[in-house]
Structures are given as structure tokens and as C-alpha cells.
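Working notes for the structure below.
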Amino acid sequence: MAEPDAKGATAGGASAGPAKAPKPQNPVFRMMGLPNIRMKLPSRNWCIFWGVVGTWTAAVQYDRYEKRCIQRRYARLVEHIAKEPLDAQQLPRKLSIYISAPPADSLVSAREHFTEYIKPILVAAALDWDAVEGRREGDVRAGLAERIRKLRYKRGEQMKEPIELGTEDDIEALRQRAGVKEWNGPAGDIVVGRHTWKEYVRGLHEGWLGPLDPPAPAEVPAELALAVTEPTPAATTAPVAADPLVTVHSSTTDDASPTASPEAQAEEKPKEEEKKDKKKKQPAPFNTTADYEHSAVAQTCPRSLGPTAVVPLPHLLGFWNFPIRIYRYFNKRKVAEEVGRETAAAVLGAYRSFEAAGEAPSEDDSSAQWEQQRLLAHEEADFHKSVRDRKDDNGKERVWLDDVVLDPRIAERMKRFVLEPEAEDRAKNIDTSSDKSWIKSLWPAEKQKPLWEGLTEDE
């Protein structure tokens, strides 16, 4: 074993000096039974971990705080509408919300977008609304077109097969008998997302330019009709099983049990027909974009259609798009600003006409298009690649992929909600500094004095 030299070093060169004596513990802490905790900085890895976590948490909390401030600002801009008196025999204003499932996703994400950004402003103004939802491509188009056709039928246009009126129409008739008046001004619509906007424009043209009666089905050639009606030998006669324990299913049983009696099969068929009837099938369009110029505008179409607010819906999918998705996650305040501005404009009710082709101030090719065709066009780049595939459409109309086709007679009657400069300046001057921040919310709120404190009994 190597002996240490006079300086305290071994033959191997390793230092073996006396260990530093630990700092004595505070006697008070020692009497309390607490351990001797030495204050020191964490290691390098822990510093990196807490630095990254703290930075991300602070960025998220700051963005959410700014988003809430923006929503409060626009909510306070329209809250005076909730305080306006309303006649007992007057119905309140009702907006129509058109919302559809984003491409390659479900309707839940679109509903969450409405609940997070649009609904708080509508609630602050105490406005009523109804929604037209689409779970797949074309549902909003069919729903809006059906609404317009029903409105034309109520206004006196004739059709071969009258439209069946529902419960809402019966309630409307009862209100008219009771002397309740409808809202005398324009109600307006709010359209969420570029894909919904394209369906909205298509349904608007289908409703006011298309016929009231559905188009006649295409005639099937006689040869194909005979081929369909003539039963095949395999379908009419079932092969006989060699083994009595083996059962052979025939194509004429419609998945019925082969051992079931005729009475049981007769009971199962109505149940299957009821299930098929419950599934709502999307009706085919009553016209095409090529029929616009040859169609006449409905006689009951007003000279000015209801104004519309087009609300953005940023929605991006895909693993390789995670950098863009992370950036958007930290910048939700920008979405709140855009959506709040459009929603507040719809609530306040100021509107203007859409810019016609060639009226845009830009000098590029987009100036030759209508303003309706340019709205939220950048969102189409975020559509999932599975939606852009046209393989199995069989010539079917694809509203999300097709270009927006406008008829000048309908386009010039469309209006758009705008936020007036006075309202915009008023929104900028609204002070939200008195609102609680996410830091102040950690402390309990001060007790507010009741309104009657300090008053005498007579007062």
C-alpha cells in the first residue's frame, strides 16, 4: 500500500487531503428534529429540465391570459345589447350558425371551436341562435338548400309534392295567432371554416336558382333494366346440401336465419326497414353549377340576402406538421382576435355588400374574383391529403375540392358583417387591466362589501 508523502498525496497522484467539515446545523432546527438541509443549486440536468418546463408553462399561461383578455374586450363591446329592453310581443334576434366537421376529422373539434371562441360573445350579448351541423361533406349544402325551398313554399310558390311542415312551423303558426311579431331586421348567419363556407355558397345558389321539386331520376336503358329484373339461377334455386347438418344461405334471405319460420322472417323485415329509414340519406343536388346561367332567380328571392360573418377555423392534421401545430398552440390569442372581431361584427349588425369582381385594390390575378371566392382561401392548404383524393367520386360533385362558382345575380345580393371604425376604436379602448391575471388568481379574492352596508333602516 502506497504511503502518503508530506503534502498528503499518494504515490498514484490522487489527493487524499482531509475532508471539509460540514457546516454545523442551527441548534433551533436540531431541537425541532429537522435534518441538516444544505442549500445548494441543483445539478445541470435538473436546471435544464426546470428551465424548459418553466419556459413552456409561462408561454402557455401568457397566451391563455391574452386570449381571455381579448374575449373579455369583445364581450364588453356587445354586452349593452343584453340590457336593451324588448317588447313582450316581439321575438328576439336569432342568428344561424353553420358548422361542419373539418376534413378528415369529426364534428367534435368544430363544436369545441364554437364553444371556445364564438359562444362567449353570443352569450354576453344574450342573443339566440340555431345551428345547422354537417357531419360529412354536403350536409350543410343540403340543409341550407332545404331551408330556402321551404321558405319559398311558405311564400306561395307552387310545387308538385308539398313539403311536410314540422313542429317548428306549428309553433310559428301559434305565435302568429297570439300576435307575437318576428324580428323586423336582418338576422344574419355565421359560417365557420372555409369548407363550410363553400357549402354555404353552393346551398345558397341551389336554393334560390334550383327548382322546388327534386329532379327526375335518370332513365335506365332497357337492356340494363332487364338484366337487373331477371333473376339468376343461383339466386332463385338454392343448392341442396348433401349433409343435413349443413345449411346453405340463399341470396334471397337478406341475412335472415335459414331455420327461422316464415312468420319470424316477416317480423324481421319491417324492423330492418325501420332501421334503414332512421338513417338520413343526403339528398342529391337539385341543380349543378353549369345550370346557373340557364336558371331564373326565384320570384320570392329578396333583393338583399341576409348578411354573413365568415369565421376562420384553423385545423391541421398530420405528424409532420407538428412544428406548425405547436406554433398555433402557443398563439391562440391570434385566433381569438380574428374570431372575436367577426363575431362581434355579426352581433352589432353593421354590414356591407361583398366586393364585386375587379373591385379589389390588389393588382394580382385575385382581383378578378369575387370577394366570396377569396375568403379563407388559405385554409384549403391545411386540408388533409385524404380529402384531396378524387379517385372514388365517380363524377360526384365535391364541394370542398371544386372551385367556388358564383352567379352575379346571387353574389351581388349577398352581404357581409363588418365592424365599424367607431366600434373598433371603442374595443381598443376597453380596459381589461382590472381583470384577474393567472398570477392574481392564485390568491383568494377580497370580500366585497354588500350594497346595503352603511345605509340606515329608512334608506
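The values are calculated or read from the model by the stated rules, or taken from the named source; none is laboratory data. Here the structure is a predicted model, which means the values were calculated and not measured. As a convention, Cβ positions derive from the backbone with ideal geometry for all residues, glycine included, and neighbour counts pool all protein chains shown. Surface areas here come from the heavy atoms of the whole protein model, side chains and all, with no ligands, DNA or RNA. Shrake-Rupley method; radii C 1.70, N 1.55, O 1.52, S 1.80 Å.
Details
- Positive minus negative residues near D213 (Lys, Arg vs Asp, Glu; Cβ under 15 Å): -2
- Estimated vicinal HN-Hα couplings, Hz - the stretch 155-164 in sequence order (Karplus 6.51, -1.76, 1.60; Gly, Pro = x): 7, x, 6, 8, 8, 5, 10, x, 7, 6
- Per-residue accessible area (protein heavy atoms, 1.4 Å probe) orders M32, M414 as M32, M414, starting from the largest.
- The heavy atoms of H294 present about 150 square angstrom of accessible area, all protein chains included, probe 1.4 Å.
- By accessible area with a 1.4 Å probe, ligands and nucleic acids excluded, highest first: order of D213, D425: D425, D213
- Cross-link pairs exceeding 30 Å between alpha carbons, from the set K67/K94; K181/K415; K281/K415; K334/K415: K281/K415.
- Solvent-accessible surface ranking, highest first, for R426, R44 at 1.4 angstrom: R44, R426
- Residues in the stretch 370-378 carry Karplus couplings, in order, of 6, 5, 4, 6, 9, 5, 6, 5, 5 Hz; the curve used is 6.51 cos²θ - 1.76 cosθ + 1.60 with θ = phi - 60°, and Gly or Pro positions show x.
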